[in-house]
1. If you take the residues of region 274-297 that are in contact with a strand residue (DSSP E or B) (Cβ under 8 Å, 6 or more places away or on another chain), aliphatic (A, V, I, L, M) and not in a loop (DSSP other than H, G, I, E, B), which of them is nearest to Arg383 (Cα to Cα)?
2. What number goes with the only condition from (1) within 28 Å of Val283 (Cα to Cα); (2) at pLDDT 90 or above that Arg176 does not pass?
3. Can you tell me which condition Gly329 does not meet? The list is (1) at pLDDT below 90; (2) at positive phi, and all the others hold.
4. Is there a residue in region 255-269 that is part of a strand (DSSP E or B), of a type in the set (Gly, Ala, Ser) and more than 25 Å from Ile320 (Cβ to Cβ)?
5. Restricting attention to region 235-243, does a residue exist that is in contact with a Lys or Arg (Cβ under 6 Å, 6 or more places away or on another chain), in the same structural domain as Thr332 (by TED's automatic domain parsing) and surrounded by 16 or more Cβ atoms within 10 Å (Cβ to Cβ)?
6. Looking at region 63-80, can you tell me whether even one residue there is buried (at least 18 other Cβ atoms within 10 Å of the Cβ) and either among the acidic types (Asp, Glu) or assigned by TED's automatic domain parsing to the domain that holds Ile352 (or both)?
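The values are calculated or read from the model by the stated rules, or taken from the named source; none is laboratory data. Only a predicted model underlies this, so the values are computations on that prediction, with no experimental measurement involved. Please note: Cβ atoms are built from the backbone with ideal geometry, for glycine as well, and neighbour counts cover all protein chains shown.
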Amino acid sequence: MEELRRKLAEVLSDRLYQIIISNPRSKTDVLKIKVRPVMVKGEVCFQETLWKGPQVFHKNRTKEEMLENIADYMEADFKQLEAQTMDGKMHVLVGKKGTVTIKEQKNKGGGPDGMPDMSHNRTKRYILEEGKPVPFLIDLGVQTKEGKIVHARYDKFKQINRYLEFVEDVLPVLNRQETVRIIDFGCGKSYLTFALYYYLHEMKGLDVSVTGLDLKEEVIENCNRLARKYGYGKLNFLQGDISAYNDAGEVVDMVVTLHACDTATDHAIKKAVDWNAKVIFTVPCCQHEVNRQIENEILSPVLRYGLLKERMAALVTDGIRACLLEEAGYDTQVLEFIDMEHTPKNILIRAIRRNGRGGEKDTKAGDMARFLNVETTLQRLMRQ
């Protein structure tokens, strides 16, 4: 680690753009750490941003404090570090036995233009950048041909980028040496399906095969036409019902189900678990099933009001889903997908399969369901 400390002492300066620390070695509350320089009272400090579960924490530190923190993170908790400066990039990998590999890449021709932005209130940088034309965003009406975001579609642009941030977080889980197989249930007009393929294949260089499934024939025909137009040879769309789909093959790495209505989400989750998928993303929608069943005398002051009953039923449904995924061998988080002002369907369940699928535990989801006199489709499916 001494060599790493020497390198960090050089990197931590006002020429730093950012440091990303990722890929935890074991289960930890902190998923990712980002470090960037900030100017505080005329002095260069370093802002440490920690993604801890569904929350994000910020702390400004001195160079000495930041150096010690990063060294501790890499020594005990994380496998990967990437630093970008005005002069180049540095990649750090920590092996199973604690061996540290450092690779440096110098910029040719002087590196990126401009000094790092050290202000606290920076303009938001999106994965799909504003001003850079992206073919599917143009055809789907989100961008103009010049790459400008159509004002009425700006919320959709933000939603797409928020989704890709979640995908970026799970990149270390995916095997870059083999084809990454992805199934997208209930893909609809497929804004996010195209974004997923574009990000993983065009931007990250992964060999991916993505299948989108939806009930609407005309939507599927249009999506396949666009995929052919862009030359996306391993992106295809099929018409069909989630519960009846059985053509995934032997290996599925990721299952996505965004806004699949009511119990369709449950069928998608069950198939993902049966396929032993490494990653599951689901944004549930229209949780009617529990709303029809939920009944409890103690909670009657809440349940007597339709709006409160509807919201409670939705939370109970998604809580049971998250817990059942935990019991099935997945590390599961419930996250805010996008601000409530843009869509009320803003809960995303992200599940990452544990190594070996072990460590199953009783989450008491069944006890809660009995207390509320409900039984969900996913509970019944998981017993099969």
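1. Initial filter on region 274-297 (in contact with a strand residue (DSSP E or B) (Cβ under 8 Å, 6 or more places away or on another chain)): 275-286.
Now narrow it down to the ones that are aliphatic (A, V, I, L, M): 277, 279-280, 283.
Now narrow it down to the ones that are not in a loop (DSSP other than H, G, I, E, B): 279-280, 283.
Working: Val279: 21, Ile280: 19, Val283: 23 Å.
Selected residue: Ile280.
2. Here Arg176 meets the rest and fails (2).
3. (1)
4. Just the residues of region 255-269 that are part of a strand (DSSP E or B), to begin with: 255-261.
Restricting the remaining residues to those that are of a type in the set (Gly, Ala, Ser) gives 260.
Checking the rest, the ones that are also more than 25 Å from Ile320 (Cβ to Cβ) come to none.
Scanning region 255-269 turns up no residue that is part of a strand (DSSP E or B), of a type in the set (Gly, Ala, Ser) and more than 25 Å from Ile320 (Cβ to Cβ).
5. Our first condition is that a residue be in contact with a Lys or Arg (Cβ under 6 Å, 6 or more places away or on another chain); within region 235-243, this holds for none.
The answer is no, given that none of the residues of region 235-243 is in contact with a Lys or Arg (Cβ under 6 Å, 6 or more places away or on another chain), in the same structural domain as Thr332 (by TED's automatic domain parsing) and surrounded by 16 or more Cβ atoms within 10 Å (Cβ to Cβ).
6. Checked against the condition, which is being buried (at least 18 other Cβ atoms within 10 Å of the Cβ) and either among the acidic types (Asp, Glu) or assigned by TED's automatic domain parsing to the domain that holds Ile352 (or both), region 63-80 yields no hits at all.
Here is a yes/no grid of residues against (1) part of a strand (DSSP E or B); (2) closer than 28 Å to Tyr330 by Cβ:
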position	(1), (2)
Asn23	yes, yes
Thr28	no, yes
Ile33	yes, yes
Cys45	yes, no
Leu50	yes, yes
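To keep it simple, each residue is scored yes or no on (1) touching a helix residue (DSSP H, G or I) at 6+ places or on another chain (Cβ under 7 Å); (2) without any contact (Cβ under 8 Å) to a residue 40 or more places away in the chain.
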site: Val35; (1), (2): yes, yes
site: Val40; (1), (2): no, yes
site: Cys45; (1), (2): no, yes
site: Thr49; (1), (2): no, yes
site: His58; (1), (2): no, yes
site: Asn69; (1), (2): no, yes
site: Tyr73; (1), (2): no, no
site: Lys79; (1), (2): no, no
